[in-house]
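> What follows is a single structure, and I will ask about it in a moment.
A short reminder: the numbers here are calculations on the coordinates, not readings from a lab. This structure is a prediction, so every number in the text was calculated from the model and none was measured. Cβ coordinates were reconstructed from backbone atoms using ideal geometry, including for glycine residues, and neighbour counts include every protein chain displayed.
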Amino acid sequence: MSDADSLGYHQAMAAPLDDLRIEVVDDDMARVLRAKTGAERLKIASDMFASARRMIVSHLTAEHPDWDEERIQREASRRISHGSV
């Protein structure tokens, strides 16, 4: 799909949400990401995943001070995998 075919950020934000596509990337960010190599994009995704896991673990630790580390890690895995673990 070319840039001309895709909606601009402000147009996309004004459009009704589509259950199949709710995330919208800013046009400038899309250009930056397109310029990255596949390995660079995978590194970004991996870092984002690790960051999300750290945030979940931090939240669980604060919310459940009585839980041991194994239970926190198990619950973090369950949440980040949408219950498939």
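> Would you mind working out the magnitude of the charge dipole of the stretch 38-85 relative to its Cα centre, with +1 at each Lys and Arg C-beta and -1 at each Asp and Glu C-beta, to the nearest 20 Debye?
On the way: 8 positive and 8 negative charges, 59 e Å.
Here the size comes out at about 280 debye.
> So what does log10 I(q)/I(0) come out to for the stretch 38-85 at q = 0.15, 0.28 Å⁻¹, using the Debye formula with one equal point on every Cα and no solvent?
Here log10 of I(q) over I(0) equals -0.44, -0.98.
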